[in-house]
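*Asks:* Sharing a structure here in structure tokens format.
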Amino acid sequence: MDIAGQLQYVIDQIKKMRVQKGFSQMELSLRSNLTQSFLANLEKGKKLPSVLTIIKIADALEVNPQDFFPEKTNSGTKEHIKAKIISLLESL
């Protein structure tokens, strides 16, 4: 799975978990302190989530941010993705 595929998977998982929890975009918006329009655009693939956004959404859905990522990718496992995220955060 390439980077674009991984990102689409994350976006799909966010929507799937939101729906499974029975949250509207507005409810997730209130819980995550993100705008409803941002969440709508995210789910449509018009906006990209930052690491902080992923964390906010995970907290609002009461899941681990890792739950949004595929188990395995062409370049490794969740641990590989986690290491990349940590590296990006450290570079900020």
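*Asks:* Here's a check for you: in region 1-51, which residue that is hydroxyl-bearing (Ser, Thr, Tyr) and under 17 Å from residue 64 (Cβ atoms) is modelled with the highest pLDDT?
*Replies:* Only one residue fits best here, namely 32.
*Asks:* Return the residues of region 1-60 that are under 19 Å from residue 89 (Cβ atoms), surrounded by 13 or more Cβ atoms within 10 Å (Cβ to Cβ), free of Cβ contacts under 8 Å to residues at least 12 places away in the same chain and among the small types (Gly, Ala, Ser); say none if nothing qualifies.
*Replies:* Result: 58, single match.
The values are calculated or read from the model by the stated rules, or taken from the named source; none is laboratory data. All of these numbers come straight from a predicted model, not from anything done at the bench. Here Cβ is always computed from backbone atoms with ideal geometry, including for glycine, and neighbour counts include all displayed protein chains.
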